[in-house]
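These notes concern the structure reproduced below.
The values are calculated or read from the model by the stated rules, or taken from the named source; none is laboratory data. The shown structure was predicted, so the numbers you read here are calculated from the model rather than taken from an experiment. Cβ placement follows ideal geometry from the backbone for every residue including glycine, while neighbour counts extend to all protein chains displayed. Just the protein is used for accessible areas: all its heavy atoms, side chains included, with ligands, DNA and RNA removed. Shrake-Rupley method; radii C 1.70, N 1.55, O 1.52, S 1.80 Å.
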Amino acid sequence: MDLAPPRGTRDFYPQDMRRRNWLFAHFHDVARLFGFEPYDAPVLESAGLFIRKAGEEIVDQLYTLNDKSGRHLALRPEMTPSLARMVLQKGGSLALPLKWYSVPQCWRYERMTRGRRREHYQWNMDIVGVDSVTAEAELLAALVAFFERVGLSAADVVIKVSNRKILQAVLERLHVPAEHFAAVCVLVDKLEKVPREAIMADMAALGLDEAKVDRVVEMTSFRALAPLAAFVGDQHQGIRELRRFWTLAEEYGIEDWLSFDASLVRGLAYYTGMVFEAFSRDVSLRALCGGGRYDHLLSTFGGKDVPACGFGFGDAVITELLAERHLLPDPGPQVDDVVFAYAPELRGAAMQVARRLRQQGRSVDLILEERRIKWAFRRADQTGARRMVLVAPDEWAAGQVHVKDLSTGQEQNLSLEQL
Ligand code: HAM
């Protein structure tokens, strides 16, 4: 039998789990600092929830199955459709705005590259019900708070920001039908990743000939707002939103982390406005996280439009970057006391000692087998325990245990109360 987990998936041994818990603790802490509430949903959803017709990679990568009742289900590739479903299910009874977060495992049948896997955990932060870039600014402030907490600076990470409304304006002028907007965005996103010839037939099918694609490429080449504003009009809503966003970012003190980049479009169909993605400035890795505004997603599921925006932040790419920077700690096991019975007849006494210590909230590794003391010390060393608590005949008869502080080497006899 092949003992490796399925290709693209991971086992988490205790050491990996400690790192994962360390990372997730930062996700949870930052969410708390920003007043976000946790939520969750099943990893298995109706496949229809994720199937869109805009040509997105994420739809081609779906893990699907039919259950025993013939339901067509999928492992979620992302959390946003489940969030939208949950909001819709409550039929307007939720008090908006919502600030919700979760850390779901997501599944995509990806071609594997560094930091890209077939399952990943993805920290999601979403704000539902705020129709203003104040929400995007708050989300990016949360991202920066996270990066700072794990030891990264604006010299390490850049968050690229753009607004799809600008591409929308350009497409309107080129008389590309509005219903093709999402599909064109998905293709324009691919322009960065594949040779142009590879997608020209698809572009043409959506109403973009070579000359129109040239115009789009020209638009995506801007890296500053002023020339782009001249290109689409200074009072265009996309430009106004970006300007206001930048003012807010300055107030938050996060502008050093940000960079305007008109080539950023994102590959998901549902974004309608601001989009953003964070990258390492010098280590060549895929995006650390990405998000944006999706004001019409809920109505595509049959509800009415509710403004919303958010981001997804995977665990894999950030782990690569932190490892590269030597910023990935191994906190080690968290055992406080090793409790060891000197003789089989003292096992019951050792259990009592362990129980009392655990009632005090201490983490206790009770030695469960007949072993030599040397073995117990070696184990204490491996688990990073702070104290060795020895239950020995004479001491126990006197109502005491023998305690060795493993960092100072100091030894003493203590009563159970003192312990
Ligand atoms: P996404 O850009 O598809 O957006 O994924 C967001 C992040 O999840 C990526 O930047 C990356 O960190 C991580 N990620 C995605 N796929 C993989 C993979 N195969 N292996 C490892 N990490 C991966 C979304 O999923 C949107 N639903 C995010 C969002 C939330 N937008 C609004 N709210």
For the chain, built as a Gaussian network whose Cα springs stay under 10 Å, the top-fluctuating residue of Gly310, Gly409, Gly292:
Gly409
Percent antiparallel among DSSP beta bridges (both partners in the chain, rounded to 5)
80 percent
Counting other Cβ atoms within 10 Å, which trypsin sites (Lys or Arg not before Pro) in segment 131-234 have at most 11 and lie in a DSSP loop?
Lys193
With the cut-off at 15 Å, report for segment 337-415 the share of all Cα pairs above it, as a whole percent.
51 percent
For Ser363, what accessible surface area do you get with a 1.4 Å probe? Give it in Å², rounded to 10.
40 Å²
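If you keep only loop residues by DSSP, which trypsin sites (Lys or Arg not before Pro) in segment 314-387 have at most 11 other Cβ atoms within 10 Å of their Cβ?
Arg372
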Checking the a/c ratio against 1.5 first, then a/b against b/c, what shape does the Cα gyration tensor give for segment 183-323?
rounded
Rank these residues by their accessible area, most exposed first, probe 1.4 Å: Leu228, Leu75.
Leu75, Leu228
Relative contact order of the chain, please, whole-number percent, based on alpha carbon pairs below 8 angstrom and at least 6 residues apart.
15 percent
Is there a quick way to get the dipole size of segment 337-415? I mean about its Cα centre, with the Cβ of Lys and Arg at +1 and of Asp and Glu at -1; what is the value in debye to the nearest 20?
260 debye
Which residue, Val144, Val103, Val232, tops the fluctuation ranking in a GNM of the chain built on C-alpha contacts under 10 Å?
Val232
Of all the accessible heavy-atom surface of the chain, with the other protein chains kept in place and a 1.4 Å probe, what percent is carbon and sulfur?
50 percent
Pulled fully out, how much extra length does the chain show between Ile51 and Ala178, if you take 0.36 nm times their separation in residues and subtract their Cα-Cα distance?
43.7 nm
With axes computed from alpha carbons, what is the tilt in degrees of helix 14-33 against the longest principal axis of the chain, rounded to the nearest 10 within 0 to 90?
60 degrees
Selection from Leu419, Ser162, Ala95, by position along the positive dipole direction of the chain (Cβ):
Leu419
Label model pair Glu148, Asp305: point-to-point distance (7 angstrom along the Cα→beta-carbon line) in nm is 3.5 nm
For Pro14, what is the net charge nearby, where nearby means another residue's Cβ is under 12 Å from its Cβ and Lys, Arg count +1, Asp, Glu -1?
0
Please report the Cα spread of the chain along all three principal axes, rounded to whole Å, starting with the longest.
93, 54, 45
About the Cα centre, and with charges only on the beta carbon of Lys, Arg (+1) and Asp, Glu (-1), how big is the dipole of the chain? Nearest 20 debye, please.
740 debye
222 nm mean residue ellipticity, helices alone, for the chain (DSSP H n ≥ 4; -39,500 (n - 2.57); rounded to 500)
-11500 deg cm²/dmol
How far is it, in nm, from the label point at Asp214 to the one at His296 when both lie 7 Å from their Cα along the line to the Cβ?
2.9 nm
Taking springs between alpha-carbon atoms closer than 10 angstrom, which of Ala398, Ala201, Ala31 fluctuates most in the Gaussian network model of the chain?
Ala398
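Send over a whole-number figure in Å² for the accessible area per residue of segment 3-131, probe 1.4 Å.
Heavy-atom SASA per residue in segment 3-131 reads 53 Å².
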Once you put a point 7 Å from the Cα of Glu197 and another 7 Å from the Cα of Ser69, both along the Cβ direction, what distance in nm separates them?
5.2 nm
